[in-house]
1. Mind checking which lysines have their Cα closer than 30 Å to the Cα of Lys132? Skip sequence neighbours fewer than 8 apart in that chain.
2. So how long is each side of the stretch 196-239 along the principal axes, counting just the alpha-carbon atoms, biggest first, in Å?
3. Would you tell me the accessible area of Arg87, worked out with a 1.4 angstrom probe on the heavy atoms of the protein chains, in Å² to the nearest 10?
4. Enter the angle in degrees (range 0 to 90, nearest 10) between the Cα long axis of helix 132-147 and the first principal axis of the Cα atoms of the chain, meaning the one along which they spread out most.
5. For Tyr505, which sequence-distant residues (separation of 5 or more, or a different chain) have an amide H within less than 5 Å of its own amide H, given hydrogens modelled in the peptide plane?
6. List, in order, the whole-Hz ³J(HN,Hα) value for each residue of the stretch 349-362 obtained from phi through the Karplus relation with A = 6.51, B = -1.76, C = 1.60 and θ = phi - 60°; use x for Gly and Pro.
7. What list of ³J(HN,Hα) values in whole Hz, one per residue of the stretch 281-289 in order, does the Karplus curve 6.51 cos²θ - 1.76 cosθ + 1.60 (θ = phi - 60°) give from phi, with Gly and Pro shown as x?
8. Taking the square root of 5 times each eigenvalue of the Cα gyration tensor, what semi-axes in Å does the equivalent ellipsoid of the stretch 287-346 have, largest first?
Amino acid sequence: MKTVQGLKFAEILIQEGCVDLDQVTEALELQKLRPKRLGDLLLDLGYIEEEDVLRALGMQFGIDYEPNVRDQVDSTLTTKVPISFIREYHMVPYNRNGESYLVAINDPINLLPLDDLQLLLDGHIIPMLCRKSDIQFIIDTYFEQQSENAGELIDNIVLSDEDEGKVHTLDHSDSERDLLDLANEAPIIKLINLLISGAVKERASDIHLEPFEHSVRARYRIDGVLYEKFTVPKAQQAALVSRVKIMANLNIAEHRLPQDGRIKIRLSGKEIDIRVSIIPIAHGERVVMRILEKGNFLFSLKELGMDSHAHKMMDKLITSSHGIILVTGPTGSGKSTTLYAALQGVNSPDKNIITVEDPIEYLIPGIGQIQVRPKIGLTFAAGLRSILRQDPDVILVGEIRDMETAEMAVQASLTGHLVFATLHTNDSAGAITRLINMGIEPFLVTSSTIAIQAQRLVRQICPSCKESYIPDPESLKEVGILEDDSKVITVSRGTGCEKCTQRGYHGRSGIFELLVMSPRIQELVLQGSDSNVVKRVAREEGMRTLREDGAEKLLRGETTIEEILRVTRDEVIA
């Protein structure tokens, strides 16, 4: 590396031909408004790449730039340094050069922690400039290696010889030792941290800790399906539950009543919000942790899996001046995600958009979001009543749970507001019956509701192990596909590989059923027709059912027959 000590950073960039004087001047002017480093501003403006910045900094400080650090990582070295140090200073030893340690760094201006690192490694170190993403890759690799040691951790907390064969009840465990002491034992802390970091790594939406007579089972819900991870000895049940309670600021002495709380953590540079639910069951306390990754919402309606026709129709509906658009489906079917995507589509500076949710899963810039707090009287209905005094154009109601909320939503739509809301029903036509059963008059349902969309989530076939095959005619008939003698129908499935952890699936996509409140449907509702009649007429008018939409995705090679049948088992094709 040729060093150019004495030359300023900007001069090196100009000398190397990365930028010109005008671009540097523009960045320096911007620096007066935004106090950031010159290199970061030039990156923001798109004039240079991170590699240009690192090469120039290397020349200025006499440090080599290493572009291929990922291929040189010696994973045994990362265990020599506490992960807290690596995360705080973004410095990580990745290989050796003779007796010296090669250390990946990204900021050559802050080199003081290198002295501490030298003491930790007990050897000479050579700093190497690397991309931020490469250092993050090494950190993530470190966590992956930790995740593989679950068996070792459990082995460290197994029953001692004299305890073997005994089953300790919760009461016995509590009386023997202080719960706070139990919960703060190092192996227990590591095991819970491992459980959470492993769940995030595997894209799990929920973590389950389930006590049985002789053990505690840990399971992850990945792409909507539960998978067992490992079991923990019964003697450690009290310690595990207490550790979760401490993290969620719950009462560790209360074992008889359900408790709900939250845990906020940072993992791999991301903020993770975990909702904790604890209930007492026959063999102890059952824990479910719902993982919500905080951050800006980036999905569009098309990215959720809508076909072009449904996407165009939904795009048209969300620009309506008033009315209710309902999204229905069971828990975990992606209703909130769809509504967030719809809000993203209408979000603009000329619109006042306010939501009332439980919980706020994604933060969207430019939108006012209210968190429901029933304990202090801030229910969906109370929040909706207050929203109407805020002069909104668009309102999102997280869930219509009762008559009061339903009435408020109808009133809001009839007074010139566009209302998005979710409802728990099996299909789109069933939402009309549900609203009427709640106490909303049929004429109010027809005059306020403009569309109802039912949806489910199906697992997508892993692209790395996808294969085609010819299914048997009966399976095709079950999903509503009739054989065509003129051509052979082939579908796809996943065989299982490393990328999908031998499951054959990776990620999920939506299947949708969009019912538009046409004049004919309105007449049927006013006449008191049941949901089956409404659904039949809607299909005659062009509505595609959940199973029919799933069959279309099956033929496109996106999902499997088993998945379509699993999520649409309640639907009967007429």
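1. Filter leaves Lys2, Lys8, Lys32, Lys36, Lys80, Lys190, Lys201, Lys264, Lys270, Lys294, Lys499.
2. Result for the stretch 196-239: principal-axis Cα extents of 30, 18, 12 Å.
3. Roll a 1.4 Å probe over it and Arg87 shows about 70 Å².
4. 80 degrees
5. Amide H neighbours of Tyr505: Cys462.
6. After applying 6.51 cos²θ - 1.76 cosθ + 1.60, I find x, 8, 10, 9, 10, 10, 10, 10, 9, 8, x, 6, 8, 10 Hz.
7. Ordered by residue, 3J(HN,Hα) equals 10, 4, 9, x, 10, 9, 10, 10, 10 Hz.
8. Calculated on Cα positions only, the semi-axes equal 23, 13, 12 Å.
The values are calculated or read from the model by the stated rules, or taken from the named source; none is laboratory data. Worth saying up front: this structure is predicted, and the values here are computed from it rather than measured. Every residue, glycine among them, receives a Cβ derived from its backbone with ideal geometry; neighbour counts consider all protein chains shown. Remember, those area values only see protein heavy atoms, side chains included, never the ligands or the DNA or RNA. Shrake-Rupley method; radii C 1.70, N 1.55, O 1.52, S 1.80 Å.
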